[in-house]
Amino acid sequence: MKGLQYHGAEDIRYNTEIPIPQVTKPDDVVLKVAFCGICGSDLHEYEHPIFFANAAKDGDKISGKKLPLVLGHEFSGTVTEVGSNVTDIQPGDHVVVETTGHCDDRRNYFTEKENTRQNEPVCQSCEMGYTNTCSDLNFLGLGVDNGALAEYTKYSQKHVHKVDKSIPLDVCALIEPLSVVWHAVELADFQPGDDALVLGAGPIGLATLLVLQAKGASRVVVSEPAAIRREQAVKLGGVAFDPSAFGATATDELRKLASKGQGFAASFDCSGLPVTYTTSIQAIRAHGTACNVAIWPHKSVAHYVMDLTLFEKKSVGSLGYQSKDFKGVIKALETGKLDIEKVKQLITGKVALKNGVQDGFLELINHKDKHIKILISPEI
C-alpha cells in the first residue's frame, strides 16, 4: 500500500510498497483510511523526534516497534476486516480511533517478539484508570505502530469507535483533536452557563471554542494577537480580543469581558507561553479554573502562587484523552450539540497522500497562520 513513513527528522518518505495490515489478533480492526489530519505533534516530529525517539533507538516502550513507521493519528475510515473477538464493529462501519498506547496495550495487544516488556507491571496511572497519563504513553502513528498516513491501518477494538454515517468522514477526522479539548473542558469542571477564556486561536484553541459552545458556554472570549486567527474565531462565534492592543493592561481588559466583568469561570491556555500561562490564572474569577492544554518545552515559568491562593483558584494540566472523551465528542456531533458546519470550517485544506510532505507538512510549517487543519487522503 501507499503511505508516508517517518525515518527521522526532516525525513518522511512516500513509499508504495508498505505491507497492508492484516488481522493477526482476535481484537484487530483493520480500516481503510478516509482522511488523516496533520497535528502539531507531527510537525514537531518532522523537525526533531520526540514521540518517535524510542522507536528510533531501542524500540517503542509500548510495542517495541522501530523505525521506519507510518505517521498519522487524527483519522477516520471504513472498517474492512475484524478479528474473531470483535462483535460491536463490522466491515462497512465508519469509525475513528482513540490512538493512545498504554500499559494494557503493552501487556495484552502487542504480543510480538520485539515487545520485550510485555510482562512488566502496570504503571500506577493505568492501574487507577488514567491511561492518558501512562508512564510509557505514546500513540499509534507516533511510534506505537503504523498510523493512518497510508491507505490502511489497524488497532485493537477497544480503541475503535463507530460513528454514525450521517457525519461526513472529513469531519470525523477531527474527532481526535476535539477529544483532546473535550478532556480539558471536563477536567475544568465547566458547567452550562459558565463563561470562558481561550488563549490562542490555533487549531486546538478554535476546537476549544467549539467544545465550550457544545457544553453550553454563555460567552467565550478568544485572545489572539494574529488578526487572521481572530477573524477565524469570530466566524465560529467567539468574541475576539487582541492582547497586543493593550500591552500591560491586557489582562485587566480581558477580565472586563467576562459576564460580570470580574473574570471568567474557566480559562484554557492553548498557546504555551509564559505570558499566556500567567494570564490564564489572573483572568479568571475567584474559584475559577485555569486549564493548560498546550504542550510546553522543558522550561520553567515564574509563578506567583498567591494568584491562586488569595481567591481559591485552581490550575490544572490536561493531557490527551481517554476513550470516554471520544464517546462524548461523537455523541455531541450525532445530537447536534457540536455544530458540524462549524467543525467543517476548521478544515482549510485537503491534499493527496503522495503530496503530503510538500503540500501538508511544509505548507503548515511555512504558512501556519493561513491554515487551521490540513487533511491528507489516500483517495485524492
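The values are calculated or read from the model by the stated rules, or taken from the named source; none is laboratory data. Just so we're clear, the structure is a prediction, and the values are computed from it rather than from any experiment. Here the Cβ is made from the backbone with ideal geometry for all residues, glycine too, and neighbour counts use every protein chain on show. Quick note on the areas: whole protein, heavy atoms, side chains included, nothing else; ligands and nucleic acids left out. Shrake-Rupley method; radii C 1.70, N 1.55, O 1.52, S 1.80 Å.
Observations, loosely collected:
- Qualifying residue in segment 31-53 (condition: surrounded by fewer than 20 Cβ atoms within 10 Å (Cβ to Cβ), small (Gly, Ala, Ser), more than 21 Å from the chain's Cα centre (by Cα) and more than 22 Å from residue 178 (Cβ to Cβ)): no
- Among the residues making up segment 254-275, those that are open to solvent by 50 Å² or more (accessible area, probe 1.4 Å) and part of a helix (DSSP H, G or I) are 255, 256, 274, 275.
- Conditions (1) open to solvent by 40 Å² or more (accessible area, probe 1.4 Å); (2) over 18 Å from residue 315 (Cβ atoms); (3) touching a residue at least 40 places away in the same chain (Cβ under 8 Å); (4) of a type in the set (Asp, Glu): number failed by residue 186: (2)
- When segment 61-84 is filtered for residues that are under 21 Å from residue 180 (Cβ atoms) and assigned to a loop (DSSP other than H, G, I, E, B), the ones remaining, listed by number, are 62, 71, 72, 73.
- In summary, residue 342 fulfils each of the numbered conditions (1) in contact with an Asp or Glu (Cβ under 9 Å, 6 or more places away or on another chain); (2) more than 17 Å from residue 269 (Cα to Cα) with the single exception of condition (1).
- Odd one out for residue 138 among (1) over 16 Å from the mean Cα position of the chain (by Cα); (2) open to solvent by less than 10 Å² (accessible area, probe 1.4 Å); (3) under 21 Å from residue 293 (Cβ atoms): (1)
- Count - residues of segment 304-344 that are surrounded by 15 or more Cβ atoms within 10 Å (Cβ to Cβ) and at positive phi: 1
- Residues in segment 148-164 include none that are in the same structural domain as residue 44 (by the TED database), more than 19 Å from residue 91 (Cβ to Cβ) and open to solvent by 40 Å² or more (accessible area, probe 1.4 Å).
- Candidate set from segment 321-346 (those that are farther than 28 Å from residue 251 by Cα and part of a loop (DSSP other than H, G, I, E, B)); member that is nearest to the chain's Cα centre (by Cα): 321
- Number of the condition not met by residue 301 [criteria: (1) part of a helix (DSSP H, G or I); (2) surrounded by fewer than 15 Cβ atoms within 10 Å (Cβ to Cβ); (3) assigned by the TED database to the domain that holds residue 232]: (1)
- Residue in segment 112-128 that is on the phi < 0 side of the Ramachandran plot, open to solvent by less than 50 Å² (accessible area, probe 1.4 Å) and under 17 Å from the mean Cα position of the chain (by Cα) present: no
- Count of segment 194-224 residues which are within 23 Å of the chain's Cα centre (by Cα) and farther than 15 Å from residue 283 by Cα: 17
- Of all the criteria given as (1) outside any loop (DSSP other than H, G, I, E, B); (2) farther than 22 Å from residue 39 by Cβ; (3) in contact (Cβ under 8 Å) with a residue 40 or more places away in the chain, the one not satisfied by residue 125 is (3).
Residue-wise test of (1) aromatic (Phe, Trp, Tyr); (2) outside any loop (DSSP other than H, G, I, E, B); (3) under 30 Å from residue 249 (Cβ atoms).
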{"residue": "154", "(1), (2), (3)": "no, yes, no"}
{"residue": "176", "(1), (2), (3)": "no, yes, no"}
{"residue": "179", "(1), (2), (3)": "no, yes, no"}
{"residue": "189", "(1), (2), (3)": "no, no, yes"}
{"residue": "205", "(1), (2), (3)": "no, yes, yes"}
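- Against the list (1) at pLDDT 95 or above; (2) open to solvent by 50 Å² or more (accessible area, probe 1.4 Å), the condition residue 369 fails is (1).
- Filtering segment 265-278 to residues that are among the aromatic types (Phe, Trp, Tyr) and more than 21 Å from residue 178 (Cβ to Cβ) leaves only 277.
- Looking only at segment 189-211, residues that are open to solvent by 10 Å² or more (accessible area, probe 1.4 Å) and not charged (D, E, K, R) come to 7 in all.
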